[in-house]
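Structure first, commentary second.
The values are calculated or read from the model by the stated rules, or taken from the named source; none is laboratory data. Keep in mind that what you see is a predicted model, and the values were worked out from it rather than measured. Positions of Cβ are backbone-derived with ideal geometry, glycine not excepted, and every protein chain shown enters the neighbour counts. We work out accessible area using only protein heavy atoms, side chains counted, and drop any ligands, DNA or RNA first. Shrake-Rupley method; radii C 1.70, N 1.55, O 1.52, S 1.80 Å.
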Amino acid sequence: MNFNHITTICLVAALTGFTATAQATTKTNKTNPNFKMADVITKTVSNLPSEADLDKYTKKIENQRHPANAGLTPSEDLMSSKMIAFRNAFISARKGSDVNNLFKKLEADYAAFEKSAEFTDEKYNDYKYFAARVLPFRKMAGYVWRMVPAVEDGKIRASQEALLAAIRNIAEEVKIHAPNSHNEAIFRFVTEPQEGYLTRFHNESDVQAFYLESIAPEIALAIDRIDKMDLTKPIVLDERLRFGDVSFPDSNEKRFRLIGEAEKSEVLARMSRRMASVLTFTAYDFTDYLKIRRDMGKKQGIDVMFASHIGGLTREARKDIMKSYPAFGVKKSTGDVAMKNAYFYLYLEAYFLNASFSTLTHEESNDNWLLEPEVILSRSKVEAKSLKKMLELTKFALPKHATEDSTVTLNSALTGETVRVNLKAYFYNPPANLQDLMPTDFEKGPEYFTGTPACPTCKYRNYFYGRAIGWDQNAYKTLFPDLTSGKDVAHFQDVLSEARGGRVVANFFAPLVR
């Protein structure tokens, strides 16, 4: 059970039946009246990362793993005293409050560190990198406990049971794989009330505000901090930070790994993607999402004591339920700014992934690195094409490309069919309501059939009944400029999902097109 795994499954479990909802508050939360969407973005298009072409950037870093580093063997001797001291304290944590206190110390240390002359000393790069990388996670203190009222207040019993079962499964897994370890402490940090983080979430708006006002600024700050670091001289990661103090008992093999520019760029790409996800999620109102889940559950016989008939829930029935809650999916007043910035962070994801990949392609295989070139490059040709298309789809966030036609042609890797996509146009002119993207036409006909050659009297369900077959052409015209009929939306989406680099776009619309 490692740090990344436990945090990921905790967050997924906490959101069971409640896609990434979040905002923080007391019983009646009020968003900070002085908060402005622009405050979230600590780096702007004009200064992040620069006006230089990608080629210039990649040429700068592609040879940064110098031959002198190629044979470098990572060990504790290459770690700074500050990093070793914090590692020892971190893997010794046994209570949630221990983790909370360590995060507070790390935050205070980093703030003081930035003001000192030592901050520019590269010998402390490992400590600075670790701090910048993990500090955003401190905001997840008590997250599961804080989420409980949102689900309970929604009276969605099935979702409550699923949430409870998921958390208990994680608790059992921790006790089996990492009893009395810092991983158990991290689990407790996420699930138990923590000092300084007692504000609870009571509805969807609470959850969204939490992500926008607490998480987004932290991610932006982390990107800023890590991007400024020069890891030409690699730092060392002790994998015990992830796997605990009882791991690697007999050998240092694989315990210590090197982190350089490629690893740094890959982390920045992941953070940029998370930032884009937070911004798109908070751009629209998710009010009544829990009620929608509840009503859908009732239609399926869930949360109903005695259901006389389980008819299933067709796409048309789902739409009807959502339409009965008109507040859900309405673009917020900050939605346009959020979506525009989300597009920029998608560009950053592509930018940093290309930078990381470019570095790895110029490196001989060496399994001392956290990213092993031999593994990453095993699908080099495929990945290179996908990354190039991702960059082509998102580069129009930069001023130097602002006046260019942002329509990009993508080809299905399976059929060779093409589709033209204007991702920038969609993010710069997002729909006023997400419900506008929902299907408008559905397949009719009988819900049941009777008789087949094998069984003339058998009754069986028509599983195609109620499926989506048409969408509002105008709602998708911005994204697909060549769209001439709403009935073609599913096909365009299919080609898009099969194209190199297209999945980054397709994933945004899949839940609505299905």
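Could you state, as a whole-number percent, how many of the C-alpha pairs of the stretch 388-484 are farther apart than 24 Å?
So the portion of pairs separated by more than 24 Å is 48 percent.
Can you flag which of Lys424/Lys477; Lys331/Lys388; Lys299/Lys332; Lys128/Lys395 are past 21 Å Cα-Cα?
Lys331/Lys388; Lys299/Lys332; Lys128/Lys395
For the stretch 161-255, take every pair of Cα atoms, bin their distances at 10 Å starting from 0, and report each bin as a whole percent.
So the P(r) values, bin by bin, are 12, 25, 34, 24, 5, 0.
Tell me, what ³J(HN,Hα) does each residue in the stretch 473-481 have, in order and in whole Hz, if you take phi through Karplus 6.51 cos²θ - 1.76 cosθ + 1.60 with θ = phi - 60° and put x for Gly and Pro?
Those phi angles translate into 4, 5, 5, 9, 4, 5, 6, 10, x Hz.
Starting at the first residue of the stretch 482-488, write each ³J(HN,Hα) from the Karplus equation 6.51 cos²θ - 1.76 cosθ + 1.60 with θ = phi - 60°, in whole Hz, x for Gly and Pro.
Listing the rounded values in order: 8, 5, 10, 8, x, 6, 8 Hz.
If R₀ is 51 angstrom, what is the calculated FRET efficiency for the pair Asp245 and Lys385, using the beta carbon separation as r and rounding to 0.05?
0.75
With a Förster radius of 51 Å, plug the Cβ-Cβ distance of Ala117 and Tyr463 into 1/(1 + (r/R0)^6) and report the FRET value to the nearest 0.05.
Approximately 0.15, to the nearest 0.05.
At 1.4 Å probe size, with every protein chain present, just tell me what the per residue accessible area of the stretch 384-514 comes to in Å².
Per residue, the stretch 384-514 has an accessible area of 50 Å².
Quick one, what does Rg over Rh come out to for the stretch 91-151 if you take C-alpha atoms and the Kirkwood Rh?
1.10
Want the number for Thr484 to Asn88: 0.36 nm per residue separation, take away the alpha-carbon distance, what's left?
Extra length available between Thr484 and Asn88 comes to 136.3 nm.
Please give the length that would be gained between Ala171 and Val330 if that part of the chain were fully extended, namely 0.36 nm times their separation in residues minus their C-alpha to C-alpha distance (nm, one decimal).
Computed gain between Ala171 and Val330 is 53.5 nm.
Taking just the alpha carbons, could you work out the radius of gyration and Dmax for the stretch 110-223, both in angstroms?
17.5, 56
Run down the aspartates and glutamates and flag those whose C-alpha is under 19 Å from the C-alpha of Lys298, throwing out any fewer than 8 positions away in its chain.
Glu152, Asp153, Glu161, Asp288, Glu316, Asp320
Assuming 0.36 nm per residue, please report the length gained on full extension of the stretch Asp224 to Leu164 beyond their Cα-Cα distance.
Difference between extended and current length: 17.9 nm.
Quick one: net charge of Tyr124's neighbours, Cβ under 15 Å, K/R +1, D/E -1?
Surrounding charge for Tyr124 is +2.
Excluding Ile170 itself, calculate the net charge of residues whose Cβ lies under 12 Å from the Cβ of Ile170, where each Lys or Arg counts +1 and each Asp or Glu counts -1.
0
How large is ³J(HN,Hα), in whole Hz, for each residue of the stretch 442-450 in order, when computed from phi with the Karplus curve 6.51 cos²θ - 1.76 cosθ + 1.60 and θ = phi - 60°, using x for Gly and Pro?
These are the phi-based 3J(HN,Hα) values: 9, 5, 9, x, x, 6, 10, 10, 10 Hz.
Highest mean first, what order results for 93-99, 489-495, 263-269 on Cβ atoms within 10 Å?
The peptides rank, most packed first, as 263-269, 489-495, 93-99.
Cα-Cα over 24 Å: which of Lys95/Lys123; Lys82/Lys233; Lys319/Lys487?
Lys95/Lys123
List every residue whose amide H lies under 5 Å from the amide H of Ala499, counting only residues 5 or more places away in sequence or on a different chain, with H placed 1.01 Å from N in the peptide plane.
Sorted by chain and number, the residues that satisfy this are Ala413.
Once label points are set 7 Å from the Cα along Cα→Cβ at both Arg315 and Lys298, what is their separation, rounded to one decimal in nm?
2.6
Translational diffusion coefficient of the stretch 451-499 at 4 °C, 1.567 mPa s, Stokes-Einstein with Kirkwood Rh over Cα pairs, in µm²/s as a whole number.
97
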